[in-house]
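The structure's right below; bear with me while I get my questions together.
Coordinate-derived values only; no laboratory data. Small disclaimer: the values here were computed from a predicted structure and weren't measured. Using ideal geometry, Cβ is built from the backbone for each residue, glycine included, and neighbour counts are taken over all protein chains shown.
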């Protein structure tokens, strides 16, 4: 589906990237009308979603509430510097149109009507051990239950977080201030959350599991296996109709991931994030120091060789390096049967290399066109049936399939 934005015609993928990277100002009238029956909250930790008319899933970040949360959650002195304030303004609004429908506006121009996923009481829940769901798991769109940080990131705790990672910055800040780290869910807690979503509410069909990068990757693989075993015991793999996507640190011995596939993982992602190695060293100091590109490639290529195409994935953060560099890395991976995942950089989380300015629409269009060609050329398929909130890869794949069908 196409939209008119300041006399430029863009599709849902580019609109999604622009909304994610710029944020939106949400009218109180929208919260008043829709928050009771739909998943729409003023709490940024609840990971709001909007759905475009063609069912494209988009992360909805109310910039005002998001910035208030960041300022209260961590001592972020850089935010107070005026040079950043001019970079985190948005021209997108979510308001009611003349018919009372929730609509995206760009300045005064109406871009499109949007809808929201139906409400459930997910974020009000606690596990039997007292772990809150909120802050430990999120619902992404209408398909995915995602666990975003199931253990601490050793790189962040050692003072070497990735610049773009809000969670890493928060951990680094807690360590510096000698504050207590969060309590993380046990495998049984995770399984209990899965049971609530998949059995009690029947609300999602796929799971994404992410922990922090650890120095002891053998132990990290053991943790993930324990989580998968707990899910299988409590919920049953047969009740998860979609996919289980695991994000993990690449081990020195790639054979360690075999146990994860045996325990029920469908795909394993080890994320390069940035293809340009010199840029990566500046933006991801801990990751490049302790693992680096080659270790990622060795593990990813091991999975692709042993388990076949589309079983290994690697994330790229779209917006941190030139489009040409992203596409070079994506093509290299795809040529090996590894799926390049495209996650849009959210610049108002933390500044990267002293900037919080997102690229323009031409950049996202170039990445979209390039990835569509790569997915088609090498037959790689991004995870899921519907896209995740901040990833544009599945949306690009679906758009290209539809385009082929119409032609």
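Provide the percentage of antiparallel DSSP beta bridges, counting only those with both residues in segment 121-406; round to the nearest 5.
25
For segment 254-407, what does the alpha-carbon gyration tensor say about shape, rounded, prolate or oblate, given a ≥ b ≥ c as the root eigenvalues, a/c under 1.5 as rounded, and a/b over b/c as prolate?
Oblate, because a/c is 1.5 or more while a/b does not exceed b/c.
Using the Cα gyration tensor of segment 144-281, with a ≥ b ≥ c the square roots of its eigenvalues, what is the shape: rounded (a/c below 1.5), prolate (a/b larger than b/c) or oblate (neither)?
The shape class here is prolate.
Could you work out how much longer the chain between residue 108 and residue 253 gets when fully extended? Use 0.36 nm per residue separation minus the Cα distance between them, nm to one decimal.
46.6 nm
Could you line up 192, 368, 373, 98 from fewest to most neighbouring Cβ atoms inside 10 Å?
Going from least to most buried by this count: 98, 373, 192, 368.
Rounded to whole Å, give me the distance from the Cα center of segment 241-311 to that of segment 106-175.
What the calculation gives is 21 Å, centre to centre.
Could you compute the FRET efficiency for residue 33 and residue 357, with r as their C-beta to C-beta distance and R0 at 45 Å, rounded to 0.05?
That gives a FRET efficiency of 0.85.
Given axes a ≥ b ≥ c from the Cα gyration tensor, I'd like to know whether segment 121-406 is rounded (a/c under 1.5), prolate (a/b larger than b/c) or oblate.
Rounded, because the longest to shortest axis ratio a/c is under 1.5.
Also, quick follow-up: By counting other Cβ atoms within 10 Å of each Cβ, how are 290, 296, 218 ranked from fewest to most?
Taking fewest neighbouring Cβ atoms as first place, the list is 218, 290, 296.
Given springs between every Cα pair under 10 Å in a Gaussian network model of the chain, which of 141, 212, 354 has the largest fluctuation?
Among 141, 212, 354, the largest GNM mean-square fluctuation belongs to 354.
Determine which residues of segment 309-336 fall in the zone a paramagnetic label at residue 369 would reach in this model, i.e. backbone nitrogen under 19 Å from the point 7 Å along Cα→Cβ.
318-319, 321-331
A follow-up question, please. For a label point 7 angstrom out from the Cα of residue 335 toward its Cβ, which stretches of segment 274-300 have the backbone nitrogen within less than 17 Å?
275-277, 294, 297-298, 300
Also, I was wondering about something else. Using the beta-carbon distance between residue 278 and residue 324 and R0 = 22 Å, what value does 1/(1 + (r/R0)^6) give for FRET efficiency, to the nearest 0.05?
Efficiency, from the Cβ-Cβ distance: 0.90.
Output the relative contact order of segment 206-253, whole-number percent, from Cα pairs under 8 angstrom with separation of 6+ residues.
For segment 206-253, the relative contact order is 70 percent.
Helix-only mean residue ellipticity at 222 nm, the chain, DSSP H runs n ≥ 4 weighted -39,500 (n - 2.57), per residue, nearest 500. What is it?
Mean residue ellipticity, 222 nm, calculated: -11000 deg cm²/dmol.
In percent, how large is the relative contact order of segment 184-274, given Cα pairs closer than 8 Å and 6 or more residues apart?
Reported relative contact order: 35 percent.
Could you work out the relative contact order of the chain? I mean the mean sequence separation of Cα pairs under 8 Å and 6+ apart, divided by the number of residues, in percent.
Contact order relative to length: 16 percent.
Next up: Going by how many other beta carbons lie within 10 Å of each one, how would you line up 115, 127, fewest first?
Listing 115, 127 from fewest to most nearby Cβ atoms yields 115, 127.
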